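Visitor: Here's a structure for you.
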Amino acid sequence: QVQLVESGGGLVQLGGSVRLSCEVSGGTFISYTMGWFREAPGKEREFVACINRYGIKTYANSVKNRVTIARDNTKSTVSLQMNSLTPEDTDVYYCAADTKNMVLSSRSLSAEYDYWGQGTQVTVST
């Protein structure tokens, strides 16, 4: 069983930054594609970014100029740095792991991920 625990969320200022972190346990982290998604009430879960086992990064077009995803295989963690925050960034952010690593997998799809964290709330104040 793979467990994911997010941290780093909270109340942040408009135009500010936040760094989310996800700690993974109970599996082989270095082989996983790791993703970040976000979800607002009443809306579908939205892809934000992912990083595969080789360090290749993919960003949603809506955030790619403002976010950076990174992984630390020595700590089994993945982070999401978000800058220039706006109220539209107010969401619950989820960390996810894809343990299958299928070559043709589209890892911007939430259905491709096997394990999910509990989520961490990011609220951008106005």
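The values are calculated or read from the model by the stated rules, or taken from the named source; none is laboratory data. A quick note: this is a predicted structure, and the numbers were derived from the prediction, not measured. Glycine gets a Cβ as well: all are built from the backbone with ideal geometry, and neighbour counts include every protein chain shown. Ligands, DNA and RNA are excluded from the accessible area calculation, which covers all protein heavy atoms including side chains. Shrake-Rupley method; radii C 1.70, N 1.55, O 1.52, S 1.80 Å.
Visitor: I want to confirm something. Restricting to segment 54-68 and keeping residues that are under 19 Å from T90 (Cβ atoms) and either in contact with a Cys (Cβ under 6 Å, 6 or more places away or on another chain) or polar (S, T, N, Q) (or both), which single residue is least open to solvent (accessible area, probe 1.4 Å)?
Guide: S62
Visitor: Between a residue in segment 1-28 that is open to solvent by less than 40 Å² (accessible area, probe 1.4 Å) and any residue that is of a type in the set (D, E), which pairs come within a Cβ distance under 6 Å, given they are 6 or more apart or on different chains?
Guide: These pairs meet every condition: C22/E6.
Visitor: For a quick check of your reading of the model, give me the residue pairs whose first member lies in segment 57-84 and is in contact (Cβ under 8 Å) with a residue 12 or more places away in the chain, whose second is among the acidic types (D, E) and open to solvent by less than 60 Å² (accessible area, probe 1.4 Å), with beta-carbon atoms closer than 9 Å and at least 6 apart or on different chains.
Guide: V63/D89; R66/D89; V78/D72; S79/D72; M82/D89
Visitor: Kindly evaluate S84 against the criterion of being outside any strand (DSSP E or B) and closer than 23 Å to Q121 by Cβ.
Guide: Considered against the rule, which asks whether it is outside any strand (DSSP E or B) and closer than 23 Å to Q121 by Cβ, S84 comes out as yes.
Visitor: In this structure, does R45 turn out to be touching a helix residue (DSSP H, G or I) at 6+ places or on another chain (Cβ under 7 Å), farther than 19 Å from Q1 by Cα, among the charged types (D, E, K, R) and surrounded by 15 or more Cβ atoms within 10 Å (Cβ to Cβ)?
Guide: When the stated conditions are applied, R45 passes them.
Visitor: Within segment 114-122, does at least one residue satisfy the condition of being at positive phi, in a loop (DSSP other than H, G, I, E, B) and either among the acidic types (D, E) or under 14 Å from the mean Cα position of the chain (by Cα) (or both)?
Guide: yes
Visitor: Looking at D72, D89, can you tell me which residue is in contact with a Lys or Arg (Cβ under 9 Å, 6 or more places away or on another chain) and within 21 Å of Q118 (Cβ to Cβ)?
Guide: So the residue among D72, D89 that is in contact with a Lys or Arg (Cβ under 9 Å, 6 or more places away or on another chain) and within 21 Å of Q118 (Cβ to Cβ) is D89.
Visitor: Determine if segment 28-49 includes at least one residue that is more than 21 Å from K64 (Cα to Cα) and part of a strand (DSSP E or B).
Guide: Scanning segment 28-49, I find no residue that is more than 21 Å from K64 (Cα to Cα) and part of a strand (DSSP E or B), so the answer is no.
Matching residues to (1) open to solvent by less than 60 Å² (accessible area, probe 1.4 Å); (2) part of a loop (DSSP other than H, G, I, E, B); (3) within 17 Å of S7 (Cα to Cα); (4) touching a Ser or Thr at 6+ places or on another chain (Cβ under 8 Å):
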| site | (1), (2), (3), (4) |
| --- | --- |
| A70 | yes, no, yes, yes |
| K75 | no, yes, yes, no |
| S79 | yes, no, yes, yes |
| A96 | yes, no, yes, yes |
| L104 | no, yes, no, no |
| R107 | yes, yes, no, yes |
| A111 | no, no, no, no |
| V124 | yes, no, yes, yes |
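Visitor: Run down R53, R71 and say which single residue is among the basic types (K, R) and at pLDDT 95 or above.
Guide: That would be R71, the only listed residue that is among the basic types (K, R) and at pLDDT 95 or above.
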